[in-house]
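*Asks:* Let me begin by handing over the structure; questions about it come next.
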Amino acid sequence: MTSKGTARALYALLLSGLLPIGAASAAEPLLLGLNAPRSGEYQQEGLMQTRGALMAVEEINQAGGLLGRPLALLERDTASKPDKAVSNVDELAAQGAQMLFGGASSAVAIAAGKRAREHGLIYFGTLTYSNDTTGKDAHRYMFRESYNAWMASKVLAQHLNEHMPDKTYFYVTADYTWGHTTEQSMRHFTGTDNVQTHGRTLIPFPGSMQKDLRTAMQAARDAEPDVLVLVLFGDQMVKGMRMAHQMGLTKSTQVVVPNLTLSMVEQAGPALMEGVLGASPWTWNVPYVYNYARGQAFVEGFVDLYETYPSTSAASAYSIVYQWADAVNRTGSLDTERLITALEGHDYQLLKDNQSWRAFDHQNIQTVYAVRIRPRAHVMKDPLRQGYFELLAAMPGADAAMTRDEWLAERRANNQPEQLR
């Protein structure tokens, strides 16, 4: 790990800029619309997206802005409700937003992205893990920066199949598109497709009640599985973990949470989450383990601003602002069609190793990681007491992602065109 002084020096260079601040600030701002949860079960992920986006906006403005104009962030609360997210898109478009981004519920991101298409605006998905986002529901105006359920399940299953072969599983799954496609992908890659052998129960989303979680965990306990897969996210996952702990499931089974974020672990607490397995496209320690200086600068700049490490969703929002700005700089234009063309097939490196925007489905192809939550004693040694993630395995994006043939098969099965429209 580099010293804080080195990383902060790099961060200062990033903010030093090429133009005087006033050169951009005197012009009319370019508006970016962030459509993310600031209330409801995923609100902590929404807060992290806001923080990451604001940090990127400030850095770009310090460096002179974009096309000689400053950036400004508009925000709307989705409350993880698709109808609310769609009306937010209408409001943000009416206010003059040049680009839209956000997520935390795939149902929200999919609905908002489709409405953005009607306005002729690009929509970047920050935290939307359902395969459907860039699968059956993919379209020309949607770009997903995060990984998807297929990619997460593939890297996680590789670890599970090697270290825990021939085990019985039980799935507790959020009843919407992300939950469904994540469970399907996990079953596919772990060979647990037989529902009679590897049981499951669904949890309503949004708006689950305590009794729903209690009934689900009771079913899991009665099944006596070797592996309990909680396909839950945000506050719902936190409550589910607490219930599983109270029932003794965390002692008798290996708990797997397919998509882990810092905010979720923070809410549940390291003592409760110790030993839980999951996957992530990025964690704050990745830049240090693999020596990515730009990622280290982001982490330490974020810590200076917010006194917490950035989560996956913060990194995603930050990266999206930079990638959109880069496309604008490369084209010298704000025209949506020109920006889409500039993004398709574009390779870049920002917070970790190389990433690319795949042209045929607009999925971001990137390295993905299997992770385990460290023991509380280790976590408490970290300066911010957030040293949660042990990186178990890394899988290149090209190996993790669905192939073109697999993608085409999914599109055909859902009567969708073979080219994005």
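*Asks:* Which residue, VAL257, VAL289, VAL303, has the most motion in a Gaussian network model of the chain that connects Cα atoms within less than 10 Å?
*Replies:* Top of the fluctuation ranking is VAL289.
*Asks:* While we're on this one: Could you provide, to the nearest whole Å², the per residue accessible area of the range 357-410 with probe 1.4 Å?
*Replies:* For the range 357-410, the solvent-accessible area averages 41 Å² per residue.
*Asks:* Starting from the Kirkwood radius over alpha-carbon pairs of the range 220-337, derive D by Stokes-Einstein at 4 °C in a medium of 1.567 mPa s and give it in µm² s⁻¹.
*Replies:* The Stokes-Einstein estimate is 78 µm²/s.
*Asks:* So, one more: Using 0.36 nm per residue, how much length does the chain from ASP90 to ASP399 gain when fully extended, once their Cα-Cα distance is taken away?
*Replies:* The span from ASP90 to ASP399 would gain 107.5 nm if fully extended.
*Asks:* For ARG421 and GLU307 in the same chain, what is the full-extension length gain: residue separation times 0.36 nm, less their Cα-Cα distance, in nm?
*Replies:* 36.8 nm
*Asks:* How high is the relative contact order of the range 132-266, in percent, counting Cα pairs under 8 Å that sit 6 or more residues apart?
*Replies:* Computed over the range 132-266, the figure is 25 percent.
*Asks:* Rank ASN259, ASN131, ASN61 by mean-square fluctuation in a GNM of the chain with C-alpha springs under 10 angstrom and give only the top-ranked residue.
*Replies:* ASN61
*Asks:* When the Cα atoms of the range 326-421 are enclosed in a convex hull and the volume is divided per residue, what value in Å³ results?
*Replies:* 150
*Asks:* Extending each Cα 7 Å along its Cβ direction at GLU162 and ASP347, get the distance between those two points in nm, one decimal.
*Replies:* With each label placed 7 Å out from Cα toward Cβ, I get 2.6 nm.
*Asks:* For a quick check, take a GNM of the chain with Cα springs below 10 Å and name the residue from ALA271, ALA297, ALA394 with the largest mean-square fluctuation.
*Replies:* Comparing ALA271, ALA297, ALA394 in the GNM, the peak value goes to ALA271.
*Asks:* Another one. Return the carbon/sulfur percentage of the accessible area of the chain, one whole number, probe 1.4 Å, all protein chains in place.
*Replies:* Roughly 48 percent, rounded to a whole number.
*Asks:* Let me ask something else. Of the labelled options (i) 81, 65, 49; (ii) 126, 55, 47; (iii) 65, 53, 37, which one gives Cα extents along the principal axes in Å as computed for this structure?
*Replies:* The listed entry that was calculated here is (iii).
*Asks:* Follow-up question, since we're still on this one. Could you compute how fast the range 40-100 diffuses translationally, taking Rh as the Kirkwood radius over C-alpha pairs and applying Stokes-Einstein at 10 °C with viscosity 1.306 mPa s? Give it in µm² per second.
*Replies:* 123
*Asks:* Moving to a separate point now. Share of Cα-Cα pairs in the range 293-363 beyond 16 Å, in percent?
*Replies:* Of all Cα-Cα pairs in the range 293-363, 54 percent lie more than 16 Å apart.
*Asks:* I would also like to ask the following. Quick one: if you stick a label point 7 Å off each Cα along the C-beta vector at LEU334 and LEU384, how many nm between them?
*Replies:* If labels sit at LEU334 and LEU384, their model points lie 3.3 nm apart.
*Asks:* Identify the GluC sites (Glu not before Pro) of the range 262-342 meeting these criteria: DSSP loop state and at most 10 other C-beta atoms within 10 Å of the C-beta.
*Replies:* The qualifying sites are GLU307.
*Asks:* Per residue, how much accessible area does the range 186-238 have with a 1.4 Å probe, in Å²?
*Replies:* Accessible surface, normalised per residue, equals 45 Å².
*Asks:* Which trypsin sites (Lys or Arg not before Pro) in the range 346-400 sit in a loop by DSSP (not H, G, I, E or B) and have at most 10 other Cβ atoms within 10 Å of their own Cβ?
*Replies:* Hits after loop and neighbour filter: LYS381.
*Asks:* Just the number, please: percent antiparallel of the DSSP beta bridges in the chain, rounded to the nearest 5.
*Replies:* Taking every DSSP beta bridge within the chain, about 35 percent pair in antiparallel fashion.
*Asks:* What distance in nm lies between label points placed 7 Å from Cα along the C-beta direction at ALA293 and ASP193?
*Replies:* Label-label distance for ALA293 and ASP193, simple model: 4.9 nm.
*Asks:* Right, here's the next one. Take every Cα pair under 8 Å in the chain that's 6+ residues apart, average their separations, divide by the length, and report that relative contact order as a whole percent.
*Replies:* 17
*Asks:* Let me ask another. For ASP405, tell me the accessible area in Å² from a 1.4 Å probe, rounded to the nearest 10.
*Replies:* Approximately 110 Å² of ASP405 is accessible to the 1.4 Å probe.
*Asks:* Further question: Taking R0 as 25 Å, what's the FRET efficiency between HIS119 and ALA409 from their Cβ-Cβ distance, rounded to 0.05?
*Replies:* Result of the calculation: an efficiency of 0.20.
*Asks:* Which whole-number percent is the relative contact order of the range 328-421 (Cα, under 8 Å, 6+ apart)?
*Replies:* After rounding, I find 18 percent.
*Asks:* Next up: Figure the gain on full extension for GLN218 and ASP326 (residue separation times 0.36 nm, minus the Cα-Cα span) and round it to one decimal in nm.
*Replies:* 33.8 nm
The values are calculated or read from the model by the stated rules, or taken from the named source; none is laboratory data. Since we're looking at a predicted model, the values are computed, not measured. Quick reminder, even Gly has a Cβ in these numbers, built from the backbone with ideal geometry, and neighbours come from all protein chains shown. The protein model used for the area step is the full one, side chains on, heavy atoms only, and it has no ligands, DNA or RNA in it. Shrake-Rupley method; radii C 1.70, N 1.55, O 1.52, S 1.80 Å.
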